[in-house]
Amino acid sequence: MRLRIALAAAASIAFVAAGIGTYVALHGEKRIAPGLPFAKASRPSDLSELRFQDGSGRTRSIADYRGKLVVLNLWATWCAPCREEMPALDRLQAGLRGSGVEVVALSVDQQGLPVVRKFFTEVGVKSLEPYIDPTAQAAFKLSAVGLPSTLLVDARGRELGRHAGAVKWDAPEVAAELRKLEKEVER
């Protein structure tokens, strides 16, 4: 009996997954730009009031980055794909230094800044600032489907698009497309 239930559940999951895959293949997601992983937001929401803490413990918000294109990455030290992509995000930030693009790697670790700082030291992160949401509410407020989740935010604090999952952020086309998009988005 248990085997029959398990097989029925597995078949149901496979059927739903196949349906989702078929829908995406036929309808596709609208991308922001060819070299970027972000699916275009159907209704850009205002994220300017999203609050978190910086490495000094000061309260910050997306509004603090007004005038910049923001790559907002939600992650945690316990998330394996997050740990894997963090060095690439760090290299992306290093390559974008001086531009109008800012990478904000926002940890949702409830243990706070000490675990984030320790992790940054372990993997050699040098260009990213540590940001933390110790309440872990940012992931819920932003309706993130998992970690890592990355949102692209325009210069006025509105979501342009999002991507769930790890990305090779240090690929040359990513930085090039972000710089190009930065010039195109409304300030």
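Cα gyration tensor of segment 43-169, axes a ≥ b ≥ c as square roots of the eigenvalues: rounded (a/c below 1.5), prolate (a/b > b/c) or oblate?
Since a/c stays below 1.5, the shape of segment 43-169 is classed as rounded.
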The answer for the net charge of residues other than V123 whose Cβ lies under 14 angstrom from its Cβ, with Lys and Arg +1 and Asp and Glu -1, is 0
Based on alpha-carbon centroids, what's the gap between segment 139-181 and segment 52-81 in Å, whole number please? 12
What does the highest-first list of 82-92, 40-50, 109-119 look like by mean Cβ count within 10 Å? 82-92, 109-119, 40-50
Can you compute 3J(HN,Hα) from phi for each residue in segment 120-125, using the Karplus curve 6.51 cos²θ - 1.76 cosθ + 1.60 with θ = phi - 60°, rounded to whole Hz and x for Gly and Pro? 4, 5, 4, 9, x, 5
Going by amide H atoms built from the backbone, whose H comes under 5 Å of the H on D109, apart from near neighbours? T77, D133
Straight-line reach check, K40, cutoff 29 Å on alpha carbons, 8 or more apart in-chain or any other chain, hits among lysines -> K30, K68, K141, K168, K180, K183
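Each reported figure results from applying straightforward, stated rules to the coordinates on display, with no laboratory input. In this text the structure is predicted, and so the values were computed from the model without any measurement. Ideal geometry is used to build each Cβ from the backbone, glycine not excepted, and the neighbour counts take in all protein chains shown.
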